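The values are calculated or read from the model by the stated rules, or taken from the named source; none is laboratory data. Note that the coordinates shown come from a computational prediction; the quantities given were computed from them, not determined experimentally. Backbone-built Cβ (ideal geometry, glycine too); neighbour counts: all protein chains shown. Areas reflect the complete protein model, heavy atoms only, side chains present, ligands, DNA and RNA absent. Shrake-Rupley method; radii C 1.70, N 1.55, O 1.52, S 1.80 Å.
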Amino acid sequence: MPNAKAYSAASATSPLASTTIARRDPTADDVAIEILFCGICHSDLHQVRDEWKDAMPTVYPCVPGHEIVGRVTKVGPAVKKFKVGDLAAVGCMVDSDGTCPECKAGQEQFCPNFTLTYNFPDKHLGGVTYGGYSDSIVVKEHFVLRVPANLDLAGTAPLLCAGITTYSPLRHWGVTKGKKVGVVGLGGLGHMGVKFAHALGAHTVVFTTSPSKKEDALRLGADEVVLSKDANEMAKHAGSFDFILDAVAAQHDINVYINMLARDGNITMVGAPDKPLPIGVFGLLFRRRSFSGSLIGGIAETQEMLDFCSEHNIVADVEVIPIQKVNEAYERLVKSDVKYRFSIDMASLKAE
Ligand code: NAP
Ligand code: ZN
């Protein structure tokens, strides 16, 4: 069994540190990938620090990372879509049962028997799956995506989670030209939401707590930017949105956004704060508004999103870092100090 270099956390309070993990030899339908870049998602931080202990407790050691781009080094004999040397990408899932109605509908993210890229029971090696803060990974072909040749690789990695997680609900809720769309929180997910809403032709409004991000929001494609702490600016948008995407990682008042929706408007939560968010139901009753959630996206839709990015020349705005700076990056993520995604250059693992 080949070994891989990786970074793992030993407990909820330990920094990430260099380690060695086992990867399996590719089975018939597996693709082995040398990882070139891996994005840092706020979910990695929630999971490493066991902030989701009620819903998804963390098993240690934990190797996070589900925004993976790399090059194929080996393929099993039944693999059809990939050959050695091809670019390839992996997101949040590495397996599912393939037989349930969700899998048959191409919605593997809702399969009751799916396997997430890290911190999920590993069917092959026992223990839990280990993610992309590593120099290699072995994944079933169905869960490996094709990377369009024209996209920057460091900026492509975050598309595998931040990209699909924002693209999927925007498409599901029918965001197109003529719709007014809000994006709450200009972080990794939020900035992708802005790029997609703009590319889909919507009038896009960003809500941010950070005055320093105003200029960037316009550059990323927003038509308007609102400082959410400014009650006067907020009041101007009451009852006016068709759709709002909330990508905030922490506690915040969701009711102010519900009240900004027009009749039949929807607000979808993709952010995953650890504590419940109180909802005033009257905001929903009036104007028949709805409040939903959304989880990443299916494999076919993830490929569609990558192809959409290729066509529209969209990648994440990234700050490329060596793996040795990962703990510093986590501290900055907590302070909303990243423009707009960290992408780890895995060549830096060679020094470990
Ligand atoms: P991120 O880069 O840290 O961005 C979060 C943004 O939320 C910040 O940049 C900040 O934007 C805003 N924010 C932070 N604290 C806030 C507060 N107290 N009040 C209001 N706004 C605040 O995180 P991310 O990687 O985009 O992830 C966002 C959330 O989505 C996380 O909870 C993550 O776990 C979750 N997630 C969900 C899925 C899914 O499938 N549903 C997939 C991936 C991630 P401003 O500075 O603009 O205010
Ligand atoms: Zn993620």
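Details
- For the range 49-69, a residue qualifies if it is within 15 Å of ligand 2 (Cβ to nearest atom) and more than 17 Å from LYS275 (Cα to Cα), and the qualifying residues are CYS62, VAL63, PRO64, GLY65, HIS66, GLU67, ILE68, VAL69.
- Residue check for GLY188: open to solvent by less than 20 Å² (accessible area, probe 1.4 Å), under 22 Å from GLU67 (Cβ atoms) and in contact (Cβ under 8 Å) with a residue 60 or more places away in the chain: yes
- Pairs linking a residue in the range 124-152 that is more than 25 Å from GLY106 (Cα to Cα) to a residue that is part of a loop (DSSP other than H, G, I, E, B) and of a type in the set (Gly, Ala, Ser), with Cβ atoms under 8 Å and 6 or more positions apart or on different chains, are TYR133/GLY65; SER134/GLY65.
- Selection status of LEU170, surrounded by 20 or more Cβ atoms within 10 Å (Cβ to Cβ) and either β-branched (Val, Ile, Thr) or not assigned by TED's automatic domain parsing to the domain that holds GLU311 (or both): yes
- Meeting the requirement of 3 or more residues that are open to solvent by 40 Å² or more (accessible area, probe 1.4 Å) and within 23 Å of PHE143 (Cβ to Cβ), no strands (runs of 3 or more DSSP E) wholly within the range 1-59 can be named.
- Residues satisfying the stated conditions in the range 255-266, i.e. among the hydrophobic types (A, V, I, L, M, F, W, C), open to solvent by less than 40 Å² (accessible area, probe 1.4 Å) and out of contact with any helix residue (DSSP H, G or I) (no Cβ under 6 Å at 6 or more places or on another chain): MET260, LEU261, ALA262
- Strands (runs of 3 or more DSSP E) fully within the range 193-254 counting 3 or more residues that are among the β-branched types (Val, Ile, Thr) and open to solvent by less than 50 Å² (accessible area, probe 1.4 Å): 203-208
- Odd one out for THR209, checked against (1) out of contact with any Ser or Thr (no Cβ under 6 Å at 6 or more places or on another chain); (2) farther than 25 Å from ALA157 by Cβ; (3) of a type in the set (Val, Ile, Thr); (4) touching a residue at least 40 places away in the same chain (Cβ under 8 Å): (1)
- Residue in the range 267-290 that is most open to solvent (accessible area, probe 1.4 Å), counting only those that are more than 14 Å from ligand 1 (Cβ to nearest atom) and in contact with a strand residue (DSSP E or B) (Cβ under 7 Å, 6 or more places away or on another chain): ARG288
- Scan of the range 270-295 for residues that are under 24 Å from the mean Cα position of the chain (by Cα) and more than 22 Å from LYS335 (Cβ to Cβ), ordered by number: PRO276, SER290, PHE291, SER292, GLY293, SER294, LEU295
- From the options SER292, SER240, SER310, residue that is of a type outside the set (Phe, Trp, Tyr) and in contact with a Ser or Thr (Cβ under 6 Å, 6 or more places away or on another chain): SER292
- For the range 139-176, a residue qualifies if it is of a type in the set (A, V, I, L, M) and more than 13 Å from ligand 2 (Cβ to nearest atom), and the qualifying residues are VAL139, VAL144, LEU145, VAL147, ALA149, LEU151, LEU153, ALA154, LEU170, VAL175.
- Residues located in the range 67-116, provided they are touching a Lys or Arg at 6+ places or on another chain (Cβ under 9 Å), in contact (Cβ under 8 Å) with a residue 60 or more places away in the chain and open to solvent by 70 Å² or more (accessible area, probe 1.4 Å): LYS81
- Yes/no for ILE279 being more than 16 Å from ligand 2 (Cβ to nearest atom) and in contact with a Pro (Cβ under 9 Å, 6 or more places away or on another chain): no
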